[in-house]
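Colleague: Below are the structure tokens for one structure; questions will follow.
The values are calculated or read from the model by the stated rules, or taken from the named source; none is laboratory data. Remember, predicted model here, so these are calculated numbers, not experimental data. Don't worry about glycine lacking a Cβ; one is built from the backbone with ideal geometry, like all the others, and counts go over all protein chains shown. These area figures cover heavy atoms from the full protein model, side chains too; ligands, DNA and RNA do not enter into them. Shrake-Rupley method; radii C 1.70, N 1.55, O 1.52, S 1.80 Å.
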Amino acid sequence: IAWAAKKMGGPVPEPDPRFAMLPPDDRWSLANQADTQVRENQVQFRSALETITTSAPIAIQNTGNYSGTLPGPDAFEAAYGPQEGAARYSTFTTGVETAKQVHAMQTMAPTEIQSILAAARPTSSGDDAVLETRRYEALQSAAEQTIKAREADPAGYARSAFPNVNQAWNGATQPGGYQAAIAASVAAQEFLGVENIQPLPKDTAARAVESFKNEQLPEGARIASVANVLMATPDPSQRRALFNQLVDAGLPDITEGAFR
């Protein structure tokens, strides 16, 4: 530092007493080594932050939680400096909050999802405009994907979104299991505001039909694979929905009379 100050024509500060006995060249060498170490530490620190800023929002979006420690503004300032650090921290916190809302959408009714989108609509005309727009676009994309997933496989979606529905389907082969699973599935879809309620997840319907078509199984087992599903509910409209799902999965529709 003293050497640099002298070169620039400025006042030369007093050296640290701990290094007063060292020749100037040795002091300069030590300063270079310290500067190199600081830079290496900063690179490692930035790398760790980049890992967290990428992983945390994804984990929160998928599971609702992040098992690690979320860095605060001081960590970003130490890695990137006051100005860039503050900007990166703002981007990070926005990403985390967006991820939380995306995860929450999984169990929201359509009206709640629309409320989130309305609240997130960009309004800034300043430096936050880009950040607000990105956040809104992320939420809008997540909302569209959520609605599409519900429409594509309503019961399968309900099973993935609600632990109690998944637990009910895991016990579907137990006595009374199909009835409990279908009841839980229908209730969850009603809560989500699904218009075209499908009692069965698509993969469950496909397995039932696959067993029905398996000529290696005894005839009674083949029939039971479908009959047990149809008799899981006494509700005629739900039975009709179940049968239609099985037909969509490949069950010959000429079997309707036999199952009646």
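Colleague: With the requirement that a residue be more than 27 Å from M105 (Cβ to Cβ) and either open to solvent by 80 Å² or more (accessible area, probe 1.4 Å) or modelled with pLDDT under 85 (or both), what does region 49-78 give you?
Modeller: D74, E77, A78
Colleague: Which of the residues belonging to region 56-97 are among the hydroxyl-bearing types (S, T, Y) and either within 24 Å of Y136 (Cα to Cα) or touching a Leu at 6+ places or on another chain (Cβ under 9 Å) (or both)?
Modeller: T63, Y66, Y80, Y89, S90, T91, T93, T94
Colleague: I'm trying to understand the selection: among the residues of region 79-115, which are of a type in the set (G, A, S), open to solvent by less than 30 Å² (accessible area, probe 1.4 Å) and more than 20 Å from the chain's Cα centre (by Cα)?
Modeller: A79, G81, G85
Colleague: Is it true that some residue in region 116-125 is assigned to a loop (DSSP other than H, G, I, E, B), surrounded by 12 or more Cβ atoms within 10 Å (Cβ to Cβ) and of a type in the set (A, V, I, L, M)?
Modeller: Checked against the condition, which is being assigned to a loop (DSSP other than H, G, I, E, B), surrounded by 12 or more Cβ atoms within 10 Å (Cβ to Cβ) and of a type in the set (A, V, I, L, M), region 116-125 yields no hits at all.
Colleague: Please verify whether region 144-153 includes one or more residues that are closer than 23 Å to A184 by Cβ, small (G, A, S) and part of a helix (DSSP H, G or I).
Modeller: Looking through region 144-153, at least one residue is closer than 23 Å to A184 by Cβ, small (G, A, S) and part of a helix (DSSP H, G or I).
Colleague: If you check E195 against the conditions, is it touching a helix residue (DSSP H, G or I) at 6+ places or on another chain (Cβ under 9 Å) and either open to solvent by 70 Å² or more (accessible area, probe 1.4 Å) or closer than 16 Å to D153 by Cα (or both)?
Modeller: When the stated conditions are applied, E195 passes them.
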